[in-house]
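Here is the structure we will look at, set down as structure tokens.
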Amino acid sequence: MNFYNIIFMVFLFLSNNIQAQKPNQMPVYPGCEHSNEQMKCMHDKLLNFIESHFDSGVLHKIKDEKEVNVHVAFIIDESGEIENMEIKSAYPEIIKEMTKTLKQLPKIQPAKLDEKPIRMRYELPVSFEIGQKR
């Protein structure tokens, strides 16, 4: 087995450890603890948080676009902190502002497997309409 095969196998192992098993309890955003639809509540609250904390001045610099899509992904660790943010956008200034915004997120109750907190990847598509008052 050569060096590259070993690196690939380690990467697969680490990737699978994050989402290897489906949790008994999904992550819970603050204020969604008693919701019947906790994942929808979390999704909505995350989007509301981004809308209220993202500096829309960044969007005013973008010309010739009606809508900008951003793909956001991160890990919610065992203590509820956000780590390993991945933000994809055609605009570096949006990536920078989204990173700043996500660093302000409150702690989130982590996912649990058999009552034990686990790390879990969360993905969130975000769209900004350009030229709209926010």
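Check Glu123, Glu65, Glu78 and return the single one that is in contact (Cβ under 8 Å) with a residue 12 or more places away in the chain, closer than 18 Å to Tyr29 by Cα and in a loop (DSSP other than H, G, I, E, B).
On the way: Glu123 fails: in a loop (DSSP other than H, G, I, E, B); Glu65 fails: closer than 18 Å to Tyr29 by Cα.
When all the criteria are applied, what remains is Glu78.
Give the residue that is modelled with the lowest pLDDT, with candidates limited to residues of the stretch 96-129 that are among the acidic types (Asp, Glu) and touching a strand residue (DSSP E or B) at 6+ places or on another chain (Cβ under 9 Å). Among residues in the stretch 96-129 that are among the acidic types (Asp, Glu) and touching a strand residue (DSSP E or B) at 6+ places or on another chain (Cβ under 9 Å), the one modelled with the lowest pLDDT is Glu129. Would it be correct to say that Glu86 is farther than 28 Å from Leu59 by Cβ and either out of contact with any Asp or Glu (no Cβ under 6 Å at 6 or more places or on another chain) or not in a loop (DSSP other than H, G, I, E, B) (or both)? No, not satisfied. Taking residues in the stretch 39-55 that are within 17 Å of Lys103 (Cβ to Cβ) and of a type outside the set (Asp, Glu), and partners anywhere that are at pLDDT 95 or above and part of a helix (DSSP H, G or I), the pairs with Cβ atoms closer than 7 Å and at least 6 places apart or on different chains are Ile50/Thr101; His53/Thr101; Phe54/Glu97; Phe54/Met98; Phe54/Thr101.
For the structure I just gave you, tell me whether Lys116 is more than 21 Å from Cys41 (Cα to Cα), over 13 Å from the mean Cα position of the chain (by Cα) and surrounded by fewer than 17 Cβ atoms within 10 Å (Cβ to Cβ). Break it down into steps so the answer makes sense when it comes.
Numbers: more than 21 Å from Cys41 (Cα to Cα): yes; over 13 Å from the mean Cα position of the chain (by Cα): yes; surrounded by fewer than 17 Cβ atoms within 10 Å (Cβ to Cβ): yes.
The answer is yes for Lys116.
Looking at Glu81, Glu65, Glu86, just one residue is modelled with pLDDT under 95 and surrounded by fewer than 18 Cβ atoms within 10 Å (Cβ to Cβ), and that residue is Glu65.
The values are calculated or read from the model by the stated rules, or taken from the named source; none is laboratory data. This one's a predicted model, so the numbers in the text were calculated from it and none came from an experiment. Here the Cβ is made from the backbone with ideal geometry for all residues, glycine too, and neighbour counts use every protein chain on show.
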